[in-house]
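The values are calculated or read from the model by the stated rules, or taken from the named source; none is laboratory data. These figures come from a predicted structure and were not determined experimentally. We place every Cβ from the backbone using ideal geometry, glycine too, and count neighbours over all the protein chains shown.
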Amino acid sequence: MLRFTAPPSRSRRQTKAQLRSSLIPLLLLATIGLTLSCAPQQRNAEDRATIKIGFFGDLSGPTFNFGQSAMNGVLMAADEINQAGGINGRKIDIVIEDDKGSPEAAAQVAGKLISNDKVVALIGAGASGNSLAAAPKAQSAQIPLIAPSSTNPAVTQAGDYIFRACFIDAFQGEVMAKFAAGTLKAKKAAIMLDFNSPYSRGLTEYFELSFAKLDGQIVIKQSYSQGDADYRGQLSAIKAAEPEVVYIPGYYGDVGLIAKQARQLGLTVPLLGADGWDAPELWELGGDSLNGSYISNHYSADDPSETIQKFARAYRQRYSNLTPDAHAALAYDALRFLAEAIQKAGTTEGPKLRDALAETKNFMGVTGIISMDRDRNAVKPAVILELQDRKYIYQETIQPETSPAVQSH
Ligand code: PHE
């Protein structure tokens, strides 16, 4: 029988304030950049020439790594495009907003970018819940929005102006279920989910479905809320149920602590996760407790392919030797295929740009070849990575089954 607990009461962690303090210089830089780019005398001259694109993401909240990496990727792509002459001779101007990881703020900043800044398209957000909140603003204004990394299927169902640069969680959940049952030969899994996150709930559902099809059994399901500090009650219950693997489809800020507490309690089986684990901060929180875990993800920075290595080299050079995570790579790809669509459309008018985006086919991205299916989702392979000593070690690539929607293009 499945046991399913309500999330325990919320207790915020002290560490967040400390984590955020490291952000202040970055935010100041972003603010200075914004102020400069909005200086009135410059603006008048530029308005005709530049193409304004809005970027929003979590730059200072519980998933700040997501927004920072995506912003890095977008800014790098914008500079490269501008240095190569821009789009049909016009330069790109990125207007940046911080949604602080909150759905309400995501909707608000998306509205502000559309109404005040008059951007022609939006790139954002990171976490699916924030993209879900922002998407209706873009849809009703007929301004295309590309969610670079939001994987919950409902995001693009908000309407025909909403696109994404990544695969969806129906695929991602299945990929991990297959890995657990096939490669790890697990028959009994536990799930620990972030109860308020559409991303986490979706992945739980898809993992369960696929694992059951492979004759696997979910022996226990427990939940938490983003920002909790103590996960030991749920982890003790999981340990008692004796699973062979524990699936934790959450975000890195919680997962790092969950891994640590799991190991302290003697829960030593492999922990399995998804793209939400991919952030440098994960290692700061979880350290060695993460060793022997596996995640599904969008790409591997260690992939020897020339496209990936060229991108990773340029990114490391630009951002003090930081390795580009999936968010950085997806946001980089998103701006590049948006630029291609603007070029092809020959205009920044919403409806025409929407049509050009919908026709994106065989775009050579860093995260794979991007083609939009009829639901405006990118159909792409996933990779499995093993976590070991602060590294994500590439294991295998799993191809999506070609859906009829893709063939119809
Ligand atoms: N896929 C996650 C979501 O939809 C966001 C994410 C993408 C996180 C890529 C990390 C890397 O919420």
Name the residue, out of Ala30, Ala49, Ala45, Ala6, that is outside any helix (DSSP H, G or I), modelled with pLDDT under 95 and under 30 Å from Gln343 (Cβ atoms).
-> Ala49
All positions within the stretch 129-146 that are without any contact (Cβ under 8 Å) to a residue 60 or more places away in the chain and more than 8 Å from the ligand (Cβ to nearest atom) | Ala133, Ala135, Pro136, Lys137, Ala138, Gln139, Ser140, Leu145
Check Ala154, Ala135, Ala180 and return the single one that is more than 23 Å from Ile94 (Cβ to Cβ), assigned by TED's automatic domain parsing to the domain that holds Lys352 and among the hydrophobic types (A, V, I, L, M, F, W, C).
-> Ala154
Residues satisfying the stated conditions in the stretch 237-274, i.e. crowded, with 24+ Cβ neighbours inside 10 Å and either basic (Lys, Arg) or touching a His at 6+ places or on another chain (Cβ under 6 Å) (or both) | none
Residues being under 15 Å from Thr323 (Cβ atoms), out of contact with any Leu (no Cβ under 7 Å at 6 or more places or on another chain) and crowded, with 24+ Cβ neighbours inside 10 Å - total across the stretch 285-309 | 1
Restricting the stretch 184-223 to residues that are outside any helix (DSSP H, G or I) and of a type in the set (Asp, Glu), the one surrounded by the most Cβ atoms within 10 Å (Cβ to Cβ) turns out to be Asp194
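Quick grid of which residues meet (1) closer than 21 Å to Ala180 by Cβ; (2) within 15 Å of the ligand (Cβ to nearest atom); (3) modelled with pLDDT of 95 or more:
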position	(1), (2), (3)
Gly253	no, yes, yes
Gln264	no, no, yes
Ala274	yes, yes, yes
Trp283	no, yes, yes
Gly287	no, no, yes
Asn297	yes, yes, yes
Run down Leu267, Leu282 and say which single residue is among the aliphatic types (A, V, I, L, M) and in contact with a Lys or Arg (Cβ under 7 Å, 6 or more places away or on another chain).
-> Leu267
Go through Ala154, Ala170, Ala181 for me and flag whichever is within 15 Å of the ligand (Cβ to nearest atom), in a helix (DSSP H, G or I) and closer than 18 Å to Ile295 by Cβ.
-> Ala170
Inspect the stretch 129-138 for any residue being over 30 Å from Gly233 (Cα atoms) and part of a strand (DSSP E or B) and give the result as yes or no.
-> no
Positions within the stretch 184-213 being within 16 Å of the ligand (Cβ to nearest atom) and either on the phi > 0 side of the Ramachandran plot or hydroxyl-bearing (Ser, Thr, Tyr) (or both), in sequence order = Ser197, Tyr199, Ser200, Thr204, Tyr206
Within the stretch 315-351, residues being away from the ligand (no atom under 16 Å from the Cβ), surrounded by 15 or more Cβ atoms within 10 Å (Cβ to Cβ) and either farther than 23 Å from Ala125 by Cα or of a type in the set (Ser, Thr, Tyr) (or both) number 4
If you scan the stretch 152-172, which residues turn out to be buried (at least 24 other Cβ atoms within 10 Å of the Cβ) and out of contact with any strand residue (DSSP E or B) (no Cβ under 7 Å at 6 or more places or on another chain)?
-> Asn152, Ile168, Asp169
Within the stretch 193-215, considering residues that are of a type in the set (A, V, I, L, M) and either outside the structural domain of Leu272 (by TED's automatic domain parsing) or touching a residue at least 24 places away in the same chain (Cβ under 8 Å) (or both), the one farthest from Ile248 (Cα to Cα) = Leu214
Which ranges mark the helices (runs of 4 or more DSSP H) fully within the stretch 326-409 that have 2 or more residues being within 23 Å of Lys52 (Cα to Cα) and in contact (Cβ under 8 Å) with a residue 24 or more places away in the chain?
-> 326-345, 350-358
Within the stretch 371-391, residues at pLDDT below 95 and under 17 Å from the mean Cα position of the chain (by Cα) come out as Val379, Lys380, Pro381
